[in-house]
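Enquirer: Handing you a structure now.
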Amino acid sequence: MIIDLHIHSKSSDGKLPAVDLLKEAKSRNVAFMSITDHDTISCQSEATKLAKTAGIRYITGVELNVTFSHPHYREGKPTSLDFLGYQFDAGNTALEKKTELLAKYREKRAAGILQNLNLEFHKEGIPALTSQAFAEIEASVDGVLGRPHIADYLVKKKIVATRQEAFDKYLVKCDVPKYPLCLPEASKLVRDAGGKLILAHPNDPNGTSLVALARVLGEQTAIVEETMIPFIDGVECWHSRSDAQTTQHYVAFAEKHGLLKTGGSDCHQKPILMGTVQVPDYVAAQF
């Protein structure tokens, strides 16, 4: 069975809309999947219907960015972590309202990032990004606006050559803090909607993960034990950027604490990775 429980659509920062994702999933023989867009559940009703028509088992999904801090790491300064919500009621009013708020805040944050970019551009003699530029960036997004969309615009305008260069040269230093969603609130939102909350890609070297606090796997799971166990239902053990040691460590940790074990490609369709991560069949049985 091919399983992928971590996929992004154009509703956040993926390249394809839900309808094309389901077609691609069908062509790749994906049997069990979830679209987990950043801070939005706008495509869940559509995806559920499309999956049923395609004969693919589907559970609702979302990826929530959480502001997290630990007194013994980074001098207690906050860092970002991602958590995956699964199998919730997509019509839950509280969850709908919160994700709509998160989407609006992303637009406000993007405007702040553009202001910071213009300060950098002024120093380098690069023409400022105008309100028209902001409108063009917004028009390129079907769902929530994020830094990858700004990066793609900078590539389009040949200010940088690649998305990675946009982040390395400008978007990291010009960042604006994300919406301060705390772990207890994220957990309550998802659980009250009938869902389960999963710690996403805990050892991702290139993403929002516990690597920002500790690089040693044992230290990471100690942090989870101390601060997260009451609020989570599982851990993402298989991921496109997880090595065998990471997977083995987190599988053992999840089994020790009776947590769900999930996995997915984290596919944004750049390139298409959907269904390429080998997730064991028993993961589906947990749901």
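The values are calculated or read from the model by the stated rules, or taken from the named source; none is laboratory data. None of these values were measured; they are calculated from a predicted model. Virtual Cβ from ideal backbone geometry, glycine too; neighbours counted across all protein chains shown.
Enquirer: Quickly run through the range 108-160 and pick out the residues that are part of a loop (DSSP other than H, G, I, E, B) and farther than 21 Å from D39 by Cβ.
Expert: If we filter the range 108-160 for residues that are part of a loop (DSSP other than H, G, I, E, B), which is where we start, we get 125-130, 140-146, 157-160.
Hits for the range 108-160 are G125, I126, P127, A128, L129, T130, K157, K158, I159, V160.
Enquirer: Right, another one. Can you tell me which residues in the range 80-107 are in contact with a Phe, Trp or Tyr (Cβ under 6 Å, 6 or more places away or on another chain) and either among the hydrophobic types (A, V, I, L, M, F, W, C) or assigned to a strand (DSSP E or B) (or both)?
Expert: Of everything in the range 80-107, those that are in contact with a Phe, Trp or Tyr (Cβ under 6 Å, 6 or more places away or on another chain) and either among the hydrophobic types (A, V, I, L, M, F, W, C) or assigned to a strand (DSSP E or B) (or both) turn out to be L81, L102.
Enquirer: On to the next question. Could you list, ordered by first residue, the pairs with Cβ atoms under 7 Å in which the first is in the range 116-144 and in the same structural domain as S42 (by TED's automatic domain parsing) and closer than 26 Å to V62 by Cα and the second is modelled with pLDDT of 85 or more and surrounded by 17 or more Cβ atoms within 10 Å (Cβ to Cβ), at least 6 apart or interchain?
Expert: none
Enquirer: A follow-up question, please. Considering each residue of the range 191-211, count those that are farther than 16 Å from T262 by Cα, buried (at least 21 other Cβ atoms within 10 Å of the Cβ) and over 15 Å from the mean Cα position of the chain (by Cα), and give that number.
Expert: Here the count works out to 1.
Enquirer: Continuing with the same structure: Can T227 be described as in contact with a Leu (Cβ under 8 Å, 6 or more places away or on another chain), in contact (Cβ under 8 Å) with a residue 60 or more places away in the chain, surrounded by fewer than 17 Cβ atoms within 10 Å (Cβ to Cβ) and within 20 Å of N65 (Cα to Cα)? Step through it out loud before you land on a result.
Expert: Numbers: in contact with a Leu (Cβ under 8 Å, 6 or more places away or on another chain): yes; in contact (Cβ under 8 Å) with a residue 60 or more places away in the chain: yes; surrounded by fewer than 17 Cβ atoms within 10 Å (Cβ to Cβ): yes; within 20 Å of N65 (Cα to Cα): yes.
Judged against the criteria, T227 is a match.
Enquirer: Does the range 95-102 contain at least one residue that is more than 15 Å from the chain's Cα centre (by Cα), acidic (D, E) and at pLDDT below 95? First the steps, then the outcome.
Expert: Of the range 95-102, the ones more than 15 Å from the chain's Cα centre (by Cα) are 95-98, 100-101.
From what's left, acidic (D, E): 96, 100.
Narrowing the set further to residues that are at pLDDT below 95 leaves 100.
Yes, some residue in the range 95-102 is more than 15 Å from the chain's Cα centre (by Cα), acidic (D, E) and at pLDDT below 95.
Enquirer: Quick one: is H8 surrounded by 15 or more Cβ atoms within 10 Å (Cβ to Cβ), touching a Cys at 6+ places or on another chain (Cβ under 9 Å) and touching a residue at least 24 places away in the same chain (Cβ under 8 Å)?
Expert: Working: surrounded by 15 or more Cβ atoms within 10 Å (Cβ to Cβ): yes; touching a Cys at 6+ places or on another chain (Cβ under 9 Å): yes; touching a residue at least 24 places away in the same chain (Cβ under 8 Å): yes.
The answer is yes for H8.
Enquirer: So, one more: Can you tell me which of T48, T36 is β-branched (V, I, T) and touching a residue at least 60 places away in the same chain (Cβ under 8 Å)? It would help to see each step written out before you state the result.
Expert: Details: T48 fails: touching a residue at least 60 places away in the same chain (Cβ under 8 Å).
That would be T36, the only listed residue that is β-branched (V, I, T) and touching a residue at least 60 places away in the same chain (Cβ under 8 Å).
Enquirer: OK, next. Condition first: among the acidic types (D, E) and not assigned by TED's automatic domain parsing to the domain that holds T227. Can you find one or more residues in the range 103-113 that meet it? Full working, then the answer.
Expert: Here is the first cut: in the range 103-113, the ones among the acidic types (D, E) are 107.
Add one more test, that the residue is not assigned by TED's automatic domain parsing to the domain that holds T227, and what stays is 107.
Scanning the range 103-113, I find at least one residue that is among the acidic types (D, E) and not assigned by TED's automatic domain parsing to the domain that holds T227, so the answer is yes.
Enquirer: Right, next: Exactly one condition in (1) surrounded by 20 or more Cβ atoms within 10 Å (Cβ to Cβ); (2) closer than 21 Å to D13 by Cα; (3) assigned by TED's automatic domain parsing to the domain that holds I232 is false for F68; which is it?
Expert: For F68, the failing item is (2).
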